[in-house]
Each structure stands twice: as structure tokens, then as C-alpha cells.
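The values are calculated or read from the model by the stated rules, or taken from the named source; none is laboratory data. Predicted, not measured: the structure shown is a model, and the values here were computed from it. All Cβ positions, even for glycine, are placed from backbone atoms using ideal geometry, and neighbour counts span all protein chains on display. Heavy atoms of the whole protein, side chains included, go into the accessibility calculation; ligands, DNA and RNA do not. Shrake-Rupley method; radii C 1.70, N 1.55, O 1.52, S 1.80 Å.
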Amino acid sequence: MKSIPANKIYQEQYLLLALISVITLKVVMLPQYLVSTAGHNSYLTMAFLIAVEAMMIAVVYGITKNSSLLELDIPKWLKGVFAVLVFASSAIKCTVLGSEGVAYISTSLYANVTWAFITLALILVCSYLAHKGAKVLGRTCQIFFWMMLFALVFYVTFSNFDFDTINLMPFEVNADLAVAGDKYIMWFGDFTPLLFMSVCPSSNNKKKRLMIWTIATVIALFACTVGLMIAFICIFGESGSLVGNAFLTVSSLNKIAYMIGSMDLPTVCSWLFMFVIKFSLLLYAMSECAKFFFGNKAIISAVCGIIVYVIIVFGIGNLKTDFNLATGWLRYFVLFAELGVVIAAYIAMRISKSKTSKKSADVCAAPSGGTCEKIQNNQ
């Protein structure tokens, strides 16, 4: 495993990584899929699952503020089980959902470039970032955050579309919402890669400042997913089932574009940065799990990248196959791994801390030559 400093990030970096990890792949094809299944109330499915994801990210933070998953004081065999499950789920997400990003790039940006070359370029960059560790990913997030924020503010300010709220009516909760949540559950549960980081306070840490960052992150989380979903439905109604690439389609409807032509560049660049970070996070989780078994070797990140490359290019290769895999039985395994690992790791951590506290109390109560204060300091 990497040394602790390579995996240490600040609380603000953790929030940014969590935000990007959650929203990146929910703003491309997912709105179209949800509308096709749940219709005009599909934003309720998005809102519910995002709320669950936000709560799980809070649980992950509760773990990582102590240490990363593989550095917790829990049995080694249990760490091994966690590593296997997270490696498998991250590999599935990296290949299946990563293919969606590759498909978007190959159709919307570089129409004459094959999946093989696009995937190769992504793998080279993302494998390097995964090898450098959480600290570099956190700093990369902070650098590109301002461009993402600029793009969001720009398109909200100059938006120019027919926001017809009648498309959201009638409000009703029906079985289609549950069906959509079940069918597209693969697009949710983006928090296990964050387990391999150790979160620490920054040098200018203040409770009020952290609270502001946290509130802003939660607002941005819902605004960029549920907000986009509502805007998508208001613009296209149930015909949104025929409209892909939601983030690009909605952002292209702005006043500047009507005056001087296409203004897609800020949106596309922002999403590409987010996709690279998301892809790198998944590769990072795979690498950390593999290093638990094979040691801290630089080649492991490259091997993980090669595995992902081969599956995307030769195993999937097109969006139809990708969709069938994402909505197949694999989604239940990913759901089990994502939820099961986080919940089990948190319980194991609490049990371990409880045992440590009890042991410390027993030692302090027992008559001995040393003092309780010295024993606690040594611990």
C-alpha cells in the first residue's frame, strides 16, 4: 500500500472529490433513461437515490477521518474481503460506465476516432493519476474546480430555454419510479473509492468554514443532478426519452449561443475534467485493492489500466452492449459491494474502537507500576 501521506487529503478536497464522483456519470445518458422508464416524475427517483448517496458519503467520511479502509485496525482477512469486493465493483463501474464516457467522446467530440484510441488516451492519463494517489487527485480537483464553477455560473446566467413546469404535472408516486431506480441502480453508489483516502483538517481549518463547504457541496450535489433532471423534463417533457447527453443539450440552450454560435466548449471541458477525475478514482480504488495483495508496486496501476482498456475496447465496444451490461444482473453485485463494504467497514471500525477503549480502561483500572496517562499517551 502507499504511504499515508500519499493518501491524505483535506476535508475540502474530500468534498470536491465526492461531488465530482457522484454527479459525473449522472448527467450524460441517465436523464434520458430515467424519463424513458418513469416519465415526467423520474426526478423523484433521482432525488431519492441522491439523498441515499449523500448519507453514505457521510458514513464514508466517518471512516476516512480515522484512516483509510486498508489502514483501519480491523482483522486482515476482513480487509482482504473488502479489497476483493471493491476491486470487482470498481472494475465493473470503470468499464461499464466508463464506456458511456468513451461513447460520448467518440460521437460528440471526435467522430472519426475509434474507441481504441480514445480509451488509450484516457487510460494513460488516469492510470498516472491513480498511481500518484489521493493527494494528487485532491489537488487536481481543486485546480479544475474553478473552471467547473465558471461553466455552471455562465450557463445558469445566460440560459435561454422554455422552462415549462406543466411538463412536471401531474405529480404522482407510482411503481415506475421504483422500476427506474432498480433498473438504473448501476449509475448510483459512487462512494467506495473514497474509502481509500485519509481525511485530515487543513491548516486553516475552522468549523464554520467546513460547514459552509459542506452545505455548498450538498446544494451543488442536488442542483447538478436533480436540478438538471427537472430542467431536462421541463424543456423536453416525456420526449426526453429520445434526447441523449442531457448536460450538453441543456447547456447549449443559452443566449450567447443564439448570438455568436455554439458555446459548448466550457461545458465540454468541465465535464471532461470531471470524467478524468472520476475514471482516475475508480482506477485508484482498483490499484489500492490490488496493492493490498501484491505490494506497493508502480506497475500495478498500469496493469489495472490495461485490464480496463481490454474490457472496454474488446469486451464492450459499443453503447448497446454497455447499456445491457449496466442494466443486467451485474448491477445487483455492484449495489451489494458498494453498500455492504461501507456499512460493514463502519461497524467493524466502531467495534475495534470500542474494544480499544475498553482495553485502555481495564489497563488503567488494574494496579500497575505505570500510570494511566502514560499508557494512553503511548496508544
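Just to be sure I understand the model, the point goes 7 Å from the Cα along the line to the Cβ. What's the resulting residue 47 to residue 353 distance in nm?
Between residue 47 and residue 353, the simple spin-label model gives 3.3 nm.
What does the charge count around residue 272 come to, taking other residues whose C-beta lies under 15 Å from its C-beta (Lys +1, Arg +1, Asp -1, Glu -1)?
Taking every Cβ under 15 Å from that of residue 272, the sum is -1.
Report the accessible area of residue 131, computed with a 1.4 Å probe over the heavy atoms of all protein chains in place, in Å² rounded to the nearest 10.
70 Å²
Going by alpha carbons, how many degrees (0 to 90, nearest 10) lie between the helix axis of 115-132 and the longest principal axis of the chain?
30 degrees
Can you give me the C-alpha center-to-center distance between segment 155-176 and segment 269-335, rounded to a whole angstrom?
34 Å
Could you please put 331, 209 in sequence from largest to smallest accessible area, using a 1.4 Å probe?
I get 209, 331, largest accessible area first.
Please arrange 213, 115 by accessible surface area, largest first, computed with a 1.4 Å probe and ligands excluded.
Solvent-accessible surface, decreasing: 213, 115.
Give me the mean projected area, in nm² to one decimal, of the convex hull enclosing the Cα positions of segment 8-378.
Seen from a random direction, the Cα hull of segment 8-378 projects 21.3 nm² on average.
To the nearest 10 degrees, how steep is helix 42-64 against the longest Cα principal axis of the chain, on a 0 to 90 scale?
Here the helix axis deviates by roughly 20 degrees.
Rolling a 1.4 angstrom probe over the protein heavy atoms, how many square angstrom per residue are accessible across the chain?
46 Å²
Counting only protein chains, not ligands or nucleic acids, how are 176, 162, 190 ordered by accessible area (probe 1.4 Å), most first?
Ranked from most to least accessible, the order is 162, 176, 190.
Using a 1.4 Å probe on the protein heavy atoms only, what accessible surface does residue 59 show? Give it in Å² to the nearest 10.
50 Å²
With a 1.4 Å probe and every protein chain left in place, tell me how much accessible area residue 128 has, in Å² to the nearest 10.
Its heavy atoms expose roughly 130 Å² to the probe.
Could you name the lysines in cross-link range of residue 183, using Cα to Cα under 27 Å and dropping any fewer than eight places away on the same chain?
Output for residue 183: 26, 93, 278, 320.
For the residue pair residue 55 and residue 121, what label-to-label distance in nm results when each label sits 7 Å from Cα along the Cα-to-beta-carbon direction?
Label at residue 55, label at residue 121, 4.2 nm between them.
For residue 306 and residue 214 in one chain, what is 0.36 nm times their gap in residues minus the Cα-Cα distance, to one decimal in nm?
29.5 nm
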